[in-house]
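K.L.:
Below: one structure in structure tokens.
The values are calculated or read from the model by the stated rules, or taken from the named source; none is laboratory data. All values reported here derive from a predicted model rather than from experimental measurement. Cβ sites come from the backbone with ideal geometry, for glycine too, and all protein chains shown count toward neighbours.
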Amino acid sequence: MDVKRPVPPPISTGLRGRCPRCGEGHLFDGFLTFKPSCEVCGLDYEKFNSGDGPAFFVMSIVGIVVVGLALWIEVTYEPPMWVHALVAGTLSIGLSLLLVRPLKGMLAALQFTNKAEQGRFR
């Protein structure tokens with residue numbers, strides 16, 4: 001008897017980089033490259049296309065955090081410009097690398113769950 005498993009929650013599944021259908025298989029083969037398919041349930045990952053979505057969200061989140069922190073540091077400590085460059089540069093690169101993979105996985109999982117497709121004119 002074939003029992004249908006419930007679809008796992010897309011946000012937590014995508015953030016962990018797991019298969020959006022079974023929640024067990026790995027989504028990535030490398031840092032940002034999707035695997036061809038899930039090793040557990042066989043879901044084809046070739047149709048996933050998150051486009052520039054992850055980059056947009058990463059830039060927005062990192063920009064807000066870094067600019068807010070830079071303003072707070074300036075008002076509180078008034079450091080020299082090289083301190084701002086060091087803190088902002090390190091934080092921008094670090095947060096971007098930390099966030100891009102989970103956000104790409106989350107967008108792919110949401111794309112699968114919502115059955116998103118390319119828009120077409122009729």
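K.L.:
Taking only pairs six or more apart or across chains, which ones have beta-carbon atoms under 8 Å, a first residue in segment 21-48 that is without any contact (Cβ under 8 Å) to a residue 40 or more places away in the chain, and a second residue that is among the polar types (S, T, N, Q) and buried (at least 17 other Cβ atoms within 10 Å of the Cβ)?
P.N.:
From segment 21-48, the pairs are 23/13.
K.L.:
Between a residue in segment 71-99 that is in contact (Cβ under 8 Å) with a residue 40 or more places away in the chain and any residue that is of a type outside the set (A, V, I, L, M, F, W, C), which pairs come within a Cβ distance under 9 Å, given they are 6 or more apart or on different chains?
P.N.:
As it stands, the answer is 99/54, since those pairs meet every condition given.
K.L.:
Count, please, the residues in segment 108-122 that happen to be charged (D, E, K, R) and closer than 24 Å to residue 22 by Cα. If you could, list the steps in order and put the result at the bottom.
P.N.:
To start, the set of residues in segment 108-122 that are charged (D, E, K, R) comprises 115, 117, 120, 122.
Restricting the remaining residues to those that are closer than 24 Å to residue 22 by Cα gives 115, 117.
Qualifying residue count for the region: 2.
K.L.:
Does residue 5 meet the test of being under 27 Å from residue 116 (Cβ atoms) and touching a His at 6+ places or on another chain (Cβ under 9 Å)?
P.N.:
no
K.L.:
If you scan segment 1-53, which residues turn out to be in contact with a helix residue (DSSP H, G or I) (Cβ under 7 Å, 6 or more places away or on another chain) and polar (S, T, N, Q)?
P.N.:
If the condition is that a residue be in contact with a helix residue (DSSP H, G or I) (Cβ under 7 Å, 6 or more places away or on another chain) and polar (S, T, N, Q), then 13, 50 are the ones that fit.
K.L.:
Before we move on, is residue 117 at pLDDT below 95 and not assigned by TED's automatic domain parsing to the domain that holds residue 34?
P.N.:
Spelling it out, residue 117 is indeed at pLDDT below 95 and not assigned by TED's automatic domain parsing to the domain that holds residue 34.
K.L.:
Further question: Is it the case that residue 86 is touching a Lys or Arg at 6+ places or on another chain (Cβ under 7 Å) and loosely packed, with under 14 Cβ neighbours inside 10 Å?
P.N.:
No; evaluated as a whole, the condition is false for this residue.
K.L.:
Hey, can you tell me all the residues within segment 27-61 that are part of a strand (DSSP E or B), surrounded by fewer than 16 Cβ atoms within 10 Å (Cβ to Cβ) and not charged (D, E, K, R)?
P.N.:
37
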